[in-house]
């Protein structure tokens, strides 16, 4: 108990007395923890419910059968009549839009309504209410979450058509949202042509799933995939790992910046209490008590920061989940975020994060405190002197770490994760932080004369105070420079990516008008249009050429990808698609015509280590085809990867002349307005959207910006933490150096001069942090573009300086840093000189 | 009128709700070049008197006239100007800025006052206290006596009319104290600078022109060893 009492008196009471500084440090930890928690919660929610509606409708099925382009109906018949005690269920799956004030995209599932009671209610064992109705052609059953009741009328947009249905029943007990429809109308509305999207099988436990799979494989053609139910979902979730990893790492930046600030806070405590430490040691306190005391202080800050961070993280996750879900939908697959669940695991994670980061950051200064010899405790300036003489040693260590970082940057990904890339980034940040003391002292020496001449004594004093408090200055510059580096690196990466995408769009978007079904598509959703549309459009006098694209979902080596068929003749003439080999588009597309050959997108090639000349074996419908890879093309439309072949080739394997997208090239001299009017006349009565070239680009850039919105939020958080830290540290500096400020008043300094000293200090800190931060940011951006992005997503990004964006961001950070000194300056000018001098 | 005039000066502090008289009805007047020792026990009001004389604090009642100017009537800006131009401070613990070199410490008040000749004047002051060879050193590289000499050079930087020294030899050994006192004596004699020195040292009183003995905030004795007249 005496130990606790002493801990309260010597550690907690001072924390409480300096409320502003304590609050700022706790805030720094809280924001770091909040960023991590928000991203974890958002990531979990965004992918946790991936196709949850479809998953919950699988009932107790344990095996699933799938095929690219759909399963031929005879396969279902074979499985259903196989001599095994199996329950076999057919599925057609797609998406429909419920028309209304707010259009909602909802999964639509075709099932055999009358025979599938056991599956329909997710194991409840009952047929859906209303299932006995005979007019099932225009009937749908809805999950209860959609808010409809039996007998309601519902207007649905499916592909390029709209139709009214009657709600025949409401299925309760379902998580998520879904529309159920009988197989026959679903086949018709969804244009499946007798093919199924999935067959679900309930197999008894007499054999293992693997054994059943092996057994059933004999009854189906080679192209059909039989796997444990949920395998694809698991694989898709796995595919998201790299994305979540990158987001997670970015969220840890705020925490790392917070770590710098805790280090600073505890260092300040140690420096300020050297005298007290000396007395305590003289009175018999062992070293371990001093160490424990300061670690205890850090733990309190960490615990408090952790608790606040969890609460803040939960609040921030509401916004974060929307941003993350939007990115997931843009790049990976359709999903609807699940409710955010702050479980005990996350609470524990937040507390552990807060405490660990606080204790780890405090270890150095706490250890230093425990080493203080009583006799030395009075010697002021000694520790700063030590920091100064070690700067060359630290610079040498920085060089060593930078070398290791360079080696790490040359290593391959580990299981698709750029582990060495992250290690390189971490080592670069540490190396940069170790170089800061040298940078500060060199800057102080080199610029003293100039600063003094140009800005006067206040700037000189500020520069000397910073150089004199080298250890603390280095930590502060390190924190701010890390935040600025990440801001710069991500800014350059996103800016370069954006510019690359804009240039790429210039190449591929050559047509004047683009048509797509009004039902929103997605990276894994390919709504179709009537096959007549391109034929009718080709007859228009305004149209010079009509290109069309048909996409299918496909799995290659267990990963989802898109298989596309386009008219290679038109594409060769019209598109300027760039290939990694540098070959001309015309030459490559000509080789595609009528042959079993494909071109693959760069992300696909990177994921599957594919190169030109390789043979890809693709499961297409019931068949397996072998396709030679002609070349690899730059593509930024999907992270999952795309395989493209000529339409004629594709339709030798898969059915479906209905295109997903149609591009219309207008004749020279025909205005876009006239062309659009002509196209819209053809489309009359069909739910097809027509977009002009410019509008499509604009939309694409909007999606791009939305995709990266979450990174901007995380960067802003890291910068806010760092700027808060600068304010907190300057406040600490004022408290710590109050004697000097008092002395300056004795020597004739005016209030305005004291204020200017603090503002100059903040300005110098900001300038140093900007210099080292931008330099480090440039290094990190190269790492992000050429290593981390390449290994995570497989895109080639052309380096580009987003000068204006960076300048504006850095200026805002700089101004914020200077403004953060206003409150400490106010405190400094309010010090009573006689009192602070008398304290000595 | 002398360089410093205190007329019926009282100073009360409020401690834990009740007023404590630090100085009570003090009437003093000092001339240019006068070297004055303020003696008395701790808490008798020596430091308070120095702070009032240096315009760092203001009397509760009475007037402090520094070179004929009533410090209580001055704005913050004017007070800063007075401190810069007329007053120099010397402290027991030297109070050199550890991050500035010797010459930079001396330059400090000159630069705060915007003096363009700061380096030149600082060098002169340092050579005056025989510390010019140490100008590029840092404070932690100096002995106590050397630090105090630098502090004196700094106090003299702006050519003040009055030098206020609070226990300037309190942290020094006897020999070094002797040297510092001799230096202060020289400053008073050659620079025509009034020096008010709070001290416990009996040796120090042997070097001064006037001894003011304080007790419980009152002047109980004033001994003029040397007679000073206005305009000496």
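Numbers below:
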item: Two-decimal Rg to Rh for chain B - Kirkwood Rh, Cα set; result: 0.96
item: Computed helical MRE - 222 nm, chain A, DSSP H runs ≥ 4 contributing -39500 (n - 2.57), nearest 500; result: -19000 deg cm²/dmol
item: For q = 0.08, 0.19 Å⁻¹, Debye-computed log10 I/I(0) when each Cα of segment A:519-686 counts as one equal scatterer; result: -0.25, -1.26
item: Sites residue A:208 and residue A:609, calculated FRET efficiency, Cβ-Cβ separation with R0 30 Å, nearest 0.05; result: 0.40
item: Relative contact order of chain B, defined on C-alpha pairs under 8 angstrom at six or more residues apart (%); result: 29
item: Sorted by Cβ neighbour density within 10 Å, fewest at the top, the residues A:332, A:346; result: A:346, A:332
item: Span from the segment A:18-46 Cα centroid across to the segment B:41-68 one, whole angstrom; result: 51
item: Separation of alpha-carbon centers, segment A:546-565 and segment B:101-161, rounded to whole Å; result: 81
item: Percent antiparallel among DSSP beta bridges (both partners in the protein assembly as shown, rounded to 5); result: 70
item: Efficiency of FRET between residue B:225 and residue B:13 - r from beta-carbon atoms, R0 51 angstrom, step 0.05; result: 0.95
item: Approximate shape of segment A:648-698 as ellipsoid semi-axes (Cα gyration tensor, √5λ), whole Å, largest first; result: 25, 14, 12
item: DSSP bridge pairs, segment A:519-686: antiparallel proportion in percent, nearest 5; result: 70
item: Cut-off 14 Å (backbone N to label point 7 Å along Cα→Cβ of residue B:76), residues of segment A:728-753; result: A:745, A:749-753
item: Long-range tail of P(r) for segment A:3-47 (Cα pairs > 12 Å, %); result: 68
item: Euclidean distance of C-alpha centroids, segment A:687-709 and segment A:474-495, integer Å; result: 30
item: 0 to 90° range, to nearest 10: angle between helix B:76-86 axis and chain B longest Cα axis; result: 60
item: Dimensionless Rg over Rh [segment B:16-99; C-alpha; Kirkwood]; result: 0.97
item: Taking B:174, A:562 and counting other C-beta atoms within 10 Å, the order from fewest to most; result: B:174, A:562
item: Enclosed volume per residue, in Å³, of the convex hull spanned by Cα atoms of segment A:441-566; result: 250
item: Approximate shape of segment A:550-608 as ellipsoid semi-axes (Cα gyration tensor, √5λ), whole Å, largest first; result: 21, 14, 10
item: Net lengthening on full extension, residue A:423/residue A:215 (0.36 nm per residue, minus Cα-Cα); result: 70.2 nm
item: Angstrom value of the Kirkwood radius, inverse mean 1/r, which spans all Cα pairs in segment A:427-475; result: 11.2
item: Theoretical ellipticity at 222 nm over chain B - DSSP helices of four or more residues, -39500 (n - 2.57) apiece, nearest 500; result: -10000 deg cm²/dmol
item: Relative contact order (%) - criterion: Cα under 8 Å, at least six apart; region: segment B:1-89; result: 34
item: Fewest-first sequence of B:209, A:164 by Cβ atoms within 10 Å of each Cβ; result: A:164, B:209
item: Translational D in µm²/s for segment A:651-745 (Stokes-Einstein at 37 °C, 0.692 mPa s, Kirkwood Rh from C-alpha pairs); result: 164
item: Chain A, relative contact order in percent, only Cα pairs under 8 angstrom and at least six apart counted; result: 18
item: Distance cut-off 41 Å, percentage of C-alpha pairs in chain A lying past it; result: 46
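Every number in this text was worked out from the coordinates using simple rules, so none of it is lab data. Just so it is clear, the model here is predicted, and its values are computed rather than measured. Note that we place each Cβ from the backbone using ideal geometry, even for glycine, and neighbour counts take in every protein chain shown.
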